[in-house]
């Protein structure tokens, strides 16, 4: 959220009027403290806050959370057990109705040779507007075969249209210098310029030139 930045409207080409103050509280606790038998702690932390301003700012959209004198409540949480796994999330609660209008939840698990991640995102249409409203799930699984080879799968599901926007399955080869991938990919996106498609793709990246993201590139 931008509520706790010095300039919440940065990049919007709009000025946020009036005096303002951002208030919040963060708390953390070791659910399972470190012991001889448990060297990695299970730690939880959470945050909740909002912004209060002297003036309304109707020029801002409801999605920005900068349009009212008293913003919606925003918060986040995380439960982490070392490098083995974590559950985290962000939320936004309408200050007038108490309704949860924006949710993001992320789960990660590293077990044996597998790394799994899931991300759920939902933005209420009345708050986000028709162009930004969504309800989607993204998932990734990587299985390490040996030092250089891995198998992977990825899925991007849109629940509003009940379609898979993207799915991919393939093989990764990586060493100190190079990352090479060959995979089968299905794209379910449909608009004026894009039609659903299926393809076999190749990716190659040189680690010395930068980090390779999970997104496909030509």
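The values are calculated or read from the model by the stated rules, or taken from the named source; none is laboratory data. Computed from a predicted structure; not experimentally measured. Please note: Cβ atoms are built from the backbone with ideal geometry, for glycine as well, and neighbour counts cover all protein chains shown.
A search for C-beta distances below 6 Å between a residue of the stretch 178-200 that is in contact (Cβ under 8 Å) with a residue 12 or more places away in the chain and any residue that is surrounded by 14 or more Cβ atoms within 10 Å (Cβ to Cβ) and part of a loop (DSSP other than H, G, I, E, B), counting only pairs 6+ apart in sequence or on different chains, returns 179/212.
When residue 64 is tested against (1) crowded, with 16+ Cβ neighbours inside 10 Å; (2) touching a strand residue (DSSP E or B) at 6+ places or on another chain (Cβ under 8 Å); (3) within 22 Å of residue 123 (Cα to Cα); (4) at pLDDT 85 or above, just one condition goes unmet, and that condition is (2). Among the candidates 132, 113, 119, the residue that is without any contact (Cβ under 8 Å) to a residue 24 or more places away in the chain and in contact with a strand residue (DSSP E or B) (Cβ under 7 Å, 6 or more places away or on another chain) is uniquely 119.
Looking at (1) more than 14 Å from residue 203 (Cα to Cα); (2) touching a strand residue (DSSP E or B) at 6+ places or on another chain (Cβ under 6 Å); (3) surrounded by 14 or more Cβ atoms within 10 Å (Cβ to Cβ), which is the only condition residue 183 fails? Result: residue 183 fails condition (1) only. Out of 48, 40, I need the residue that is at negative phi, assigned to a loop (DSSP other than H, G, I, E, B) and surrounded by 10 or more Cβ atoms within 10 Å (Cβ to Cβ). Which one? Answer to the check: 40. Within the stretch 83-139, the set of residues being touching a helix residue (DSSP H, G or I) at 6+ places or on another chain (Cβ under 8 Å) and either part of a loop (DSSP other than H, G, I, E, B) or surrounded by fewer than 17 Cβ atoms within 10 Å (Cβ to Cβ) (or both) comprises 94, 126, 129, 132, 133, 134.
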